[in-house]
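No value in this document is a laboratory result; all are computed from the given coordinates. It should be emphasised that the depicted structure is a prediction, and the values quoted were computed from it without experimental measurement. Here the Cβ positions follow ideal geometry from the backbone for every residue, glycine too, while neighbour counts run over all protein chains shown.
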Amino acid sequence: MFDAKFPSMDRADLLAIRKGLDSGYREFSRAYGDMIETFFDPLLSFLIWFEQLLLDAPWWLVLTILVGIVYGATRSWKLSVGVFLSFLWVGYFGMWENTMRTMSIITVCTVISIALGIPIGILMARSDRVQMVVTPLLDVMQTMPAFVYLIPVVMLLGIGKIPGVIAVVIYAIPPVIRLTNLGIRLVDKEVLEAGDAYGASSVQRLVGIQLPLSMPTIMAGINQTIMMALSMVVIASMIGVKGLGQPVLKSITNQYFTMGLLNGLAIVALAIVFDRASQAYAKRAQRHMGGLENA
Amino acid sequence: MRDTQIQVDGLYKIFGKDPISVMPLIEQGKTKDEILAETGHTVGLLDINLQIQKGETFVIMGLSGSGKSTLIRHFNRLIDPSVGQILVEGTDVMQLGKKELQEFRRHKMSMVFQRFGLMPHWSVVDNVAYGLKVQGIDKTERRAKAQEWLNTVGLGGYEEQYPSQLSGGQQQRVGLARALCTDAEILLMDEAFSALDPLIRSEMQDQLIELQEKLHKTIIFITHDLDEALRLGDRIAILKDGMLVQVGPPVEILLSPADDYVEAFVKDVNRARALTVDNVMKPPAYRVTAETIGGALKQMKNSTGDYGYYFNKDGYQGILLKETLESVPPTSLDDQLNAENWQVLPGISPDALLEEVIPDTLATEYPLPVIDDKGGLKGELSRDCLADVLGGKSRSV
Ligand SMILES: Nc1ncnc2c1ncn2[C@@H]1O[C@H](COP(=O)(O)OP(=O)(O)OP(=O)(O)O)[C@@H](O)[C@H]1O
Ligand SMILES: [Mg+2]
């Protein structure tokens, strides 16, 4: 009656399923792998070019531009000095090159996530049906252990930068999608109604009202996306993405505590810089919208 | 007769999944609450028929939830009707395609919102210019025009401020300027002044009245404040649970409410401030123009009252009492009427508010004559009559 053992599937059947799926996917990747790789070629060349640009440029030039960007976006001397000091520290401890590599890939991943995520979020906000389909997908993307989706990506594209970028984007894109959707849905109904009442077309509505008013929420999503991308650096290094992740990985296998700590701290420094800079920028950009929240 | 600008025929609005399925229940005469309980559908509007004339200020009143916002949003199709027709200048708005509807909204109507509905990320001048921006008019031109309207509403100098930096009253002036900036003929105002405190509110009412005297727009104004309705409206429509219970000029609403609901509405209104002498005066007793005492007495014979208002070539002079005239000796009957024969009694203007004439009316036992600015006798106002009206008694008009 009550067997102790769960009535599970026959082992042979399970094996058959596994074999079927695995070989099916293998065949698929053999057949289309090259094609897909060619599809990503432009992105790969860009990645290499951008990384090389950061590496080849003299350190003081990179540092100046970086601090310049941060100051331009935030108008905060404190923050700019903080950024300047952290990068000096990183460079002094010999992590300049890896930091540049990580920064280049994170920047590209963030840009891709924003470029894909905002339109997807907009579509979601416009249709409840799209939202119903996309939300569970995002849940899967955020909770599925990264290693699991690394497998098919690596099977398809091998080890290297592109699979790394794909893995990072999959992991990091959900917040920007979710918060774009949320932000647009939360836009004050009366302001939207005003737009409609004056005869705004749907593009005028989106560009003139919905996007600007949801910008605080979208910026929060972008900020989250950057943070999540950075937290993927170590895992991405397992499939051949160079940067600060690799020494961390090496220190785990070889038990180099100090090396791990230093590189870990460098990742943290990058995270803080990105985080503070993007937040301060967002705040500055929305300084007139104070009335909105209490409206 | 003025032209009809908006005509609403047999309009029903039912909120819910399948509005048409509820129509039979409505025809059976079930109430809004019954329908909600049975089907989960909310009846928003029930068989509305209206005509709004060009250039009039049409006020829609009703308690919260009576369907005022729902009705006004049908005029520019922010809400689609379940059944019925809305004609704006003869065009059936339901027949408009997407592009046509946009054009219609851009040029025919503009709207002012209760919570202002301003774009918080744009400066005041850009907010005012919004309607023109949507129309695709270039920046310099639209800003110039917006600037003019800002000056008109008294906000010159605030153009580069952001809405969050303005007070409520100022924000609503921006809302008003935005609505006027597109030169649309029809102005929809959904509780436009409800969020403002009483003082600012009456200032805004003054401003609207003043603007309307110049612009002659068709204004559809929603409020749940009867004083505001009486002040602004050429006609007032009263909604109750989605039904139109009464439409008419303010005096009619005040003095002959259609049912208890309307009566409850008008009960608390300050009639002394809402009604003019013209609204409540009675036909005059008698106008005496004879030159002699005997002539005057002869003229007054036909009158029921025991007094008459005396007019000579200089206009109204005072009140003549039968009693006084009869007491003169018969030999003096051919004497000219002189100032000793009549009593001085102030005349009042038909446009005066009751409030203004209370002291004079109460000061004498005789009704005051109502005299228009051409010197003609229009009617009379007695203190009993005044007391009746102010005491809340209705009268059939
Ligand atoms: N989108 C909607 N979905 C369902 N029911 C609605 C919707 N909009 C309005 N209603 C219902 O229609 C009725 C009329 O609402 P409406 O907003 O027109 O009232 P109102 O007279 O403007 O009230 P207020 O003075 O509070 O603004 C209410 O019972 C409301 O619940
Ligand atoms: Mg309303």
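Using the per-residue mean of other Cβ atoms lying within 10 Å as a proxy for protection, in what order, highest first, do the peptides B:4-16, B:23-35, B:182-194, B:342-354 fall?
Working: B:4-16: 18.8, B:23-35: 13.4, B:182-194: 22.1, B:342-354: 16.9.
Those peptides, ordered most packed to least, come out B:182-194, B:4-16, B:342-354, B:23-35.
In plain terms, the C-alpha convex hull of chain A casts an average shadow of 22.9 nm² when viewed from every direction. Taking the square roots of five times each eigenvalue of the Cα gyration tensor of the stretch A:121-219, the equivalent ellipsoid has semi-axes of 35, 13, 11 Å, listed largest first. Here's the list of lysines a cross-link from residue A:283 could span, going by alpha-carbon distance under 18 Å and ignoring same-chain residues fewer than 8 apart: A:78. The residue B:332 and residue B:304 beta-carbon pair, evaluated with R₀ = 25 Å, returns a calculated FRET efficiency of approximately 0.45.
Subtracting the Cα-Cα distance from 0.36 nm times the residue separation, let me have the gained length for residue B:18 to residue B:34 in nm, one decimal. Write out the running numbers ahead of the final one.
On the way: separation 16, 0.36 × 16 = 5.76 nm, distance 1.64 nm.
Between residue B:18 and residue B:34, full extension yields an extra 4.1 nm.
For a modelled paramagnetic label at residue A:9, 7 Å from Cα along Cα-to-Cβ, no residue of the stretch A:134-176 is in reach, as no backbone nitrogen comes under 16 Å.
In this calculation the C-beta distance from residue B:99 to residue A:272 is compared with R0 = 60 Å, giving a FRET efficiency of 0.75. The label point for residue A:92 and the one for residue B:372, both projected 7 Å from the Cα toward the Cβ, are 9.6 nm apart.
Using mean Cβ contacts within 10 Å as the protection proxy, how do B:107-117, A:193-203, B:312-322, A:32-42 order, highest first?
Highest-to-lowest ranking by the protection proxy: B:107-117, A:193-203, B:312-322, A:32-42.
Once the Kirkwood radius over Cα pairs is known for the protein assembly as shown, the Stokes-Einstein relation at 10 °C and 1.306 mPa s delivers a diffusion coefficient of 49 µm²/s. Since only B:137, B:79, B:29 are under comparison, the one whose Cα sits farthest along the positive direction of the charge dipole of chain B, derived from C-beta charges on Lys, Arg, Asp and Glu, is B:137. In this structure, the amide hydrogen of residue B:380, modeled 1.01 Å from its nitrogen in the peptide plane, lies closer than 5 angstrom to those of B:282, B:370, counting only residues at least 5 positions away or on a different chain. Summarising the label geometry, the points placed 7 Å from Cα in the beta-carbon direction at residue B:160 and residue A:41 lie 5.4 nm from one another.
Distance from the Cα centroid of the stretch A:125-191 to that of the stretch B:95-110 is 38 Å (rounded to whole angstrom).
Peptide B:68-76 shows a mean partner chain C-beta count of 1 within 10 Å per residue C-beta.
Under a cut-off of 17 Å between alpha-carbon atoms, report the lysines in cross-link reach of residue A:242, not counting same-chain residues fewer than 8 places apart. Of all the lysines, those that pass the test against residue A:242 - Cα under 17 Å, at least 8 places apart if same chain - are A:161, A:250. Since only B:337, A:114, B:202 are under comparison, the one whose Cα sits farthest along the positive direction of the charge dipole of the protein assembly as shown, derived from C-beta charges on Lys, Arg, Asp and Glu, is A:114.
Taking the square root of 5 times each eigenvalue of the Cα gyration tensor, what semi-axes in Å does the equivalent ellipsoid of chain B have, largest first? Intermediate values should be presented prior to the final figure.
On the way: eigenvalues 532, 153, 62 Å².
After scaling each eigenvalue by five and taking roots: 52, 28, 18 Å.
Spatial offset of the stretch B:224-301 relative to the stretch B:1-54 amounts to 31 Å, using the alpha carbon center of each.
Counting partner chain Cβ atoms within 10 Å of every residue's Cβ in B:117-126, what's the average?
Mean partner-chain Cβ count within 10 Å for B:117-126: 6.
Just the Cα atoms of the stretch B:1-131, one point each, no solvent: what log10 I(q)/I(0) does Debye give at q = 0.10, 0.12, 0.23 Å⁻¹? With one equal scatterer per Cα and no solvent, log10 I(q)/I(0) is -0.41, -0.58, -1.40.
Rounded to the nearest Hz, the phi-derived 3J(HN,Hα) couplings of the stretch A:127-140 under the Karplus curve 6.51 cos²θ - 1.76 cosθ + 1.60 (θ = phi - 60°) are 9, 5, 5, 4, 4, 5, 7, 6, 4, x, 4, 5, 4, 4, where x marks glycine and proline.
Enter the mean number of other protein chain beta carbons within 10 Å of the beta carbon of each residue in A:182-191, as an integer. Walk me through the numbers before you get to the answer.
Working: counts 0, 0, 0, 0, 0, 0, 5, 2, 7, 8.
Per residue, the number of nearby Cβ atoms from other chains is 2 on average.
For the stretch A:92-106, backbone phi angles converted through the Karplus equation (6.51, -1.76, 1.60; θ = phi - 60°) give residue-by-residue couplings of 4, 8, x, 10, 4, 5, 4, 4, 4, 4, 4, 4, 5, 6, 5 Hz, Gly and Pro being listed as x.
You can think of it this way: the chain between residue B:272 and residue B:289 has 2.8 nm of extra reach, that is 0.36 nm per residue less the Cα-Cα gap. In this rough spin-label picture, where each label sits 7 Å from Cα along the Cβ direction, the residue A:55-residue A:257 distance is 3.2 nm. Apply the a/c threshold of 1.5 to the C-alpha gyration tensor of the stretch A:58-195 and tell me whether it is rounded, prolate or oblate. Verdict is oblate for the stretch A:58-195.
Taking the charge dipole of chain B about its Cα centre, with +1 at Lys and Arg Cβ atoms and -1 at Asp and Glu Cβ atoms, the residue from B:328, B:257, B:60 reaching farthest to the positive side is B:60.
What FRET efficiency would be calculated for the residue pair residue B:387, residue A:186, taking the C-beta separation as r and a Förster radius of 56 Å, to the nearest 0.05?
Values: r = 57 Å, r/R0 = 1.02.
Once the sixth-power term is evaluated, E becomes 0.45.
Projected onto its three principal axes, the C-alpha set of the stretch B:279-390 covers 46, 26, 23 Å, listed from the longest axis down.
Using 24 Å as the Cα-Cα cut-off, could you pick out the over-long pairs in B:301/B:378; B:30/B:240; B:68/B:99; B:133/B:217; B:217/B:378? Listed pairs above 24 Å: B:68/B:99; B:217/B:378.
Distances between placed amide hydrogens fall under 5 Å for residue B:245 paired with B:238, B:239, B:240, all partners being 5 or more residues away or on another chain.
What does the charge dipole of the stretch B:279-390 about its Cα centre add up to, to the nearest 20 debye, if the Cβ of each Lys and Arg holds +1 and the Cβ of each Asp and Glu holds -1? It would help to have the intermediate numbers written out before the result.
Numbers: 9 positive and 18 negative charges, 79 e Å.
The dipole of the stretch B:279-390 has a size of about 380 debye.
Amide hydrogen proximity for residue B:96: with H placed 1.01 Å from N in the peptide plane, no residue at 5 or more positions away or on another chain lies under 5 Å. For residue B:187, the shell of other residues with beta-carbons less than 12 Å away shows a net charge of -1, using +1 for Lys and Arg and -1 for Asp and Glu.
Based on Cα contacts under 8 Å between residues 6+ apart, chain A shows a relative contact order of 21 percent. Counting only residues at least eight positions apart within a chain, or on another chain, the lysines with an alpha carbon under 17 Å from that of residue B:374 are B:313.
Evaluated over the Cα positions of the stretch A:1-59, the convex hull gives a direction-averaged projected area, one quarter of its surface, of 8.8 nm².
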